[in-house]
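As structure tokens, the structure follows; a few thoughts come after it.
The values are calculated or read from the model by the stated rules, or taken from the named source; none is laboratory data. Remember, it's a predicted structure, so these values are computed and weren't measured experimentally. FYI the Cβ positions are ideal-geometry reconstructions off the backbone, even for glycines, and counts take in every protein chain you see. For the accessible areas, the whole protein counts, side chains as well, though only heavy atoms, and no ligand, DNA or RNA atoms are used. Shrake-Rupley method; radii C 1.70, N 1.55, O 1.52, S 1.80 Å.
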Amino acid sequence: MVAVERASLARAFGKVAVDLADLNFGSAIKGVIDATGAFKADQETPPTAEEGAKLLLQRAAYAAAIRIIQAEVRNAPVMAAEADLREIEVAILGATADITFELTEIALTDPERWPGLEGLLTLFDWFMRACAVPDDKRPPIRRAFADALPLALAGEWRNAEREKDYQALRAALEPTPFDLPAQRSLQWNAYRDRQVKAMDAPLRALNPEKIRCSLNDLYVPLRAAVGDPEAPERASGERRKRTLVWLDEALYSWATRTDHGPSERIRVLSGEPGAGKSSACMKLAARLAAEKRRVLLVPLTRLNIAKGSLEELARYLAGDLGHDPFDPPSAGEPLVMILDGLDELAKSGQGATVLLNGFITDLGQRLSEWNRDGTRVLLLLAGRPGAAGAAVATGAIGRSDDARLHVLRYRIPEYDRHAYEPQDLADLDQRSDWWRRFDSVGGMPESLNREDPHIDSLTEQPLLNWLLAQILTEEGPERAATISDVHDLYTRLFGHVLDRIHRRPQGDGSTEAIDPVRDRLEQMLEEVAVAAWHAGTDRAVPLNAVEKRLADNRLSGELRLLSNNTDAALTTLLDSFFCRAHQGVEHRLVEFTHKSFGQFLVARRVVRMLPDMPNPQHSDRYTTEAALKKWMELCGPAAMDRATYDFLSAQVAAEAVHGPLKSTQWRDTLSNLLVECLEKGMPLPDGVLRSRASERLVRNAEIAMLCAVAAAFRVSEEKPASIRIDSAILPTTLHRLAGPMTDWSVARDTFHVFDLTGADLWGADMWGVNLMGADLMGADLIGANLMGANLSDADLMNANLMGANLSDANLTRANLSDANLTHANLSDANLTRANLTRANLSDADLTRADLSDANLSDVDLELVQLEPKQLAAYSRTP
């Protein structure tokens, strides 16, 4: 039974006001203790542990309320003047009457989970409304009350005068041998609950008032192909069919088995961006968590393995789960650890492969240690095909065929379905399934359900369907049906994002939007993406790095147009569908909701800079040097990847539609700048003292410029003149830009812009390069590695390709007249409509090469071994 002593209460009320005014923390604690003297325990019967806990909470809540009423007298004068102490006391007694306590020491260590806290906060809200506290003042006062409560509890707990009131409670909270297991059990339960609830959380939407869907609402089971997606084996000269499985069932079956052998403890999941890898990982985690199994889902974008791979992982888990789940690994059913975002682990640049391989090697060794005495841990790694392949290539992870699963689109192209089995699964078109889940009545809009290759490609992936749904909602089905490609889709989404920030009404929460200039908003979001790109993940970046990036580009002032509070302004800017801000392990992070959003914005930022680049043939040296330094500052810190290059090309093409002359000027200007950089060198970066760091910055900047040149070449109405650089440095320049095969560079996709006529490329590593339409007349390519290269429409007249490796190369319509192909490897090459007039094919390997409509006039076929169908294919040529 609790009583209230009125005189003690009145004295404490006045004392707290004095202490808070003097900002005396220690005295404020005493004031809180004095105030709680208003509550008295029954003197005849000492309080039980439950009664003591309730008494502690009641006294603390009462004291916290008094403290905040006094502290907020300026913001809420009516509340301070008219507060009815008896009403507060009675209300607190009522709010805490029926609550129950979990009497363990750990149960009281998390203030946000205290029993009755939400009820007390609701009660305080009611009290403020009753006292006419203004709407905009109530949220901060409510938070202040929540912050004051732990202070009041700590003060009351230390009060020696009322020690007897809490004797039973103290005894109940004494440490026992069971406390640590109990704590871990609670942490696991809370973690599992979050995993299950995550599937029902609303997805980010442009207009949440119109669209509110969760992943559970939209999830469509995915298909996956078993085995390496990049190198299907051949049996008896034919490609072996790949087995298709239902991904969710395959992963669940693997995760719940109890008889895993040493080679069965790992699965590697790969797939294109937006294919649904992360959704499948979340689905598996939620399913296992709902069954009370131990499962960990780690988004690797939150880790920085440059600080120490496994240490960083342990640090993240300790923060997310609450403890290290591998200290030691538990017996019984194995723990399933899902690491999602393998491609986002390492810093961009030449060190990415080294860091990634180091992480995978360390992880493989640790996995062996965890599983030394039986299967304790199962590991699922998810990422894009390149990163997944690199993980397997280390030899430490997922080496067997069954360990690889590749997520497929909702529809497999008809020409490719024969490569899979069973056939009924390969023939399945799941696009309508997604749209029925989105709209159970209307299903897939008629405007999207037509034979249009552009629209078809956009409806074959979960992410793009969700983005299309946003456009449908904002623009209507007919307008949405005019979307041409992914870049167009992202451009429209970005426009709506800018509109929503630009038109944000005043007074919506803690920010005030005062109509900033739309173009400056666009620049700010682009700089956020650049900050993430420079940080090395394309997706996540510390908030302080974003603030610095905006300040360095003189955009901080624009934030004040959103709000006088910089932090609130950043939240307004970043809470914009494309990205969001949240609390990371060590600091606040900005994270793009999908990696491709950041890549799209980086490409826009690069194109934004193109008009400012001077043509060195028409500019003074100082202007050229200054522009190149700005280019290096933007493009030097991180390497451009294929996805960003694709967005860059599409952005240049979009600009060319509105101004063809502009794109031509960019092409000529950048071509001249590129020649100057490659022949004379980039200006040295400011403040870089290490030669290797300088080399990396220069190479990244050169490759980015090469990509911009190639993008401008793509949109030229007529074939532009190829770029010619000093022949003495050409071979080493190409080798440097291409980089090693183990660290694939997007530069390999741009070499078609160079004039390689008569070039000395003896033994050059040109694996996978794009030389479509390139000038290679008379080039020396003896022993060159051109495996998988795109040489369609290339001019290789009189080229010396003796002993060159051209397996899997695309030589469609290539001019190989008078070329020397002695001992060349042309297996699986595509020579459709190629001109091989008078070519020397002595001892060339043409196994499975496609010679359809090829011209082999004046070729000595007695020196070539051709299959019957190859003879039939070329013989139709006149």
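Run the simple label-point estimate for K137 and S457 please: 7 Å along Cα→C-beta, distance reported in nm.
5.9
Which FRET efficiency, nearest 0.05, do A171 and E87 yield, Cβ-Cβ r, R0 56 Å?
The computed FRET efficiency comes out at 0.95.
So how much slack lies between A160 and R366, counting 0.36 nm per residue of separation and subtracting their Cα-Cα distance, in nm?
That works out to 69.1 nm of additional length.
If r is the Cβ-Cβ distance from R436 to K292 and R0 is 35 Å, what FRET efficiency results, to the nearest 0.05?
Calculated transfer efficiency: 0.65.
How long is the gain from N216 to R74 if the chain were fully straight, where each residue apart is worth 0.36 nm and the alpha carbon distance is subtracted?
Roughly 46.4 nm would be gained on extension.
For every other residue with a beta carbon closer than 12 angstrom to the beta carbon of L251, add +1 if it is Lys or Arg and -1 if Asp or Glu, then tell me the sum.
Charge balance in the 12 Å sphere: +3.
For L861 paired with R714, estimate the spin-label separation in nm (one decimal), with each label point 7 Å from Cα along the Cα-to-Cβ line.
Using points 7 Å along Cα→Cβ, the separation is 4.0 nm.
What is the log10 of I(q)/I(0) for segment 760-878, computed with the Debye formula using one identical point scatterer on each Cα and no solvent, at q = 0.12 Å⁻¹?
-0.33
Which percent of Cα pairs goes in each bin when the distances of segment 580-735 are cut into 10 angstrom slices starting at zero?
10, 36, 35, 14, 5, 0
Residue separation times 0.36 nm, minus the C-alpha to C-alpha distance between A182 and E446: what's the value? Could you put the intermediate results ahead of the total?
On the way: separation 264, 0.36 × 264 = 95.04 nm, distance 5.59 nm.
Here the segment from A182 to E446 would lengthen by 89.5 nm.
Just to verify a number: FRET efficiency for E676 and H735, C-beta to C-beta distance, R0 = 22 Å, to 0.05?
0.65
With every protein chain present, what is the per residue accessible area of segment 733-789 (1.4 Å probe, Å²)?
On a per-residue basis, 34 Å².
Using 18 Å as the Cα-Cα cut-off, could you pick out the over-long pairs in K629/K680; K595/K630; K197/K292; K595/K629? Mind dumping the intermediate values first?
On the way: K629/K680 14 Å; K595/K630 25 Å; K197/K292 14 Å; K595/K629 27 Å.
As for pairs spanning more than 18 Å Cα to Cα, those are K595/K630; K595/K629.
Consider a paramagnetic label point 7 Å from the Cα of A728 along Cα→Cβ; state which residues of segment 643-684 have an amide N under 18 Å from it.
Taking a point 7 Å out along Cα→Cβ of A728, the residues of segment 643-684 whose backbone N falls under 18 Å are 675-682.
How far is it, in nm, from the label point at A551 to the one at D843 when both lie 7 Å from their Cα along the line to the Cβ?
In this crude label model, A551 to D843 measures out at 6.8 nm.
Please sort 201-212, 696-707 by packing, taking for each peptide the average over its residues of neighbouring beta carbons within 10 angstrom, highest first.
With the highest mean Cβ count within 10 Å placed first, the list reads 696-707, 201-212.
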